[in-house]
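*Asks:* I am attaching a structure below and will ask some questions about it afterwards.
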Amino acid sequence: MPRLLAAQLLRMGALSPTPTPVPWTAPASAPAPAASWGSAEHPAGLASSTSRFSATAATALGATWFIQRTGPRERAMSRLVSALRASATSTSSSASPTEAADAVLAVRRAARHAPVRTACLEESAAAAFLLATRKLAVVWCHGIAADPVRLHAWVQTVDGDTVVEPPSTLAYTPALTIGARHQHHS
């Protein structure tokens, strides 16, 4: 290991000095969790919801798809994040838990009929866009869980409650959030 890197890691506390090399403790064994791309635990569109957002839900889903597909593939996530940030600035009040749930469920219902990928990333972004058209704020989250590494995207209310998500979403640590809680008031 390069000395400069080792010194920086020691200062940060990421490494601990030891007089002699010591073997690592064997990792604890556990059953491997099933593969998940964010929607395995809640089949999209099967929960009931009001039809209040259904027409715009399909439009929001289409906009999400368009943002991801317009331009170089390797920049798709960057474009989506930029669009989510822009839409978050257009909100003026917090979405209620009911309004947020209606939007998420409407997007999931619309996603059942979409001929394109509609997993958690697309659904959560479309729900955030849908609510932004009504000037309603939520917090869009993109997170990670370890062992094995898994990614998931979801929306939360401005107060931090997950919206129509299974309890296992709490295993994910948000790595990116858009829609700062302190910027929006009901």
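Rule-based calculations on the coordinates, nothing more; no lab input. A quick note: this is a predicted structure, and the numbers were derived from the prediction, not measured. Glycine also receives a Cβ, built like all others from the backbone with ideal geometry; neighbour counts cover every protein chain displayed.
*Asks:* Roughly how big is the stretch 105-186's charge dipole about its Cα centre, with Cβ charges of +1 (Lys, Arg) and -1 (Asp, Glu), in debye to the nearest 20?
*Replies:* 320 debye
*Asks:* What is the stretch 45-183 by shape, rounded, prolate or oblate, if you read a ≥ b ≥ c off the alpha carbon gyration tensor as root eigenvalues and call it rounded for a/c under 1.5, prolate for a/b larger than b/c, and oblate otherwise? Present the calculation step by step, with values, prior to reporting the outcome.
*Replies:* Numbers: a/c = 1.15, a/b = 1.04, b/c = 1.11.
Verdict is rounded for the stretch 45-183.
*Asks:* Along its three principal axes, how long is the stretch 57-101 when you only count alpha carbons? Whole Å, largest extent first please.
*Replies:* So the three principal-axis extents are 36, 22, 13 Å.
*Asks:* Suppose R0 equals 30 Å; then what is the FRET efficiency for T133 and D159 from their Cβ-Cβ distance, rounded to the nearest 0.05? Please report the intermediate quantities before stating the final value.
*Replies:* Values: r = 21 Å, r/R0 = 0.71.
It comes out at approximately 0.90.
*Asks:* For the ranges 73-86, 105-118, what's the packing order if you count other beta-carbon atoms within 10 Å of each residue, average per peptide, and put the highest first? Write out the running numbers ahead of the final one.
*Replies:* Details: 73-86: 14.1, 105-118: 19.0.
Highest to lowest by the protection proxy: 105-118, 73-86.
*Asks:* Taking Cα pairs under 8 Å and at least six residues apart, what relative contact order does the stretch 45-183 come out at, in percent?
*Replies:* Relative contact order, the stretch 45-183: 27 percent.
*Asks:* On to the next question. Take I144, I178, I67 and order them by how many other Cβ atoms sit within 10 Å, fewest up front.
*Replies:* So the ranking, lowest neighbour count to highest, is I144, I67, I178.
*Asks:* Stretch V116-L170 to full length: gain in nm at 0.36 nm per residue minus the Cα-Cα span?
*Replies:* Here the segment from V116 to L170 would lengthen by 16.7 nm.
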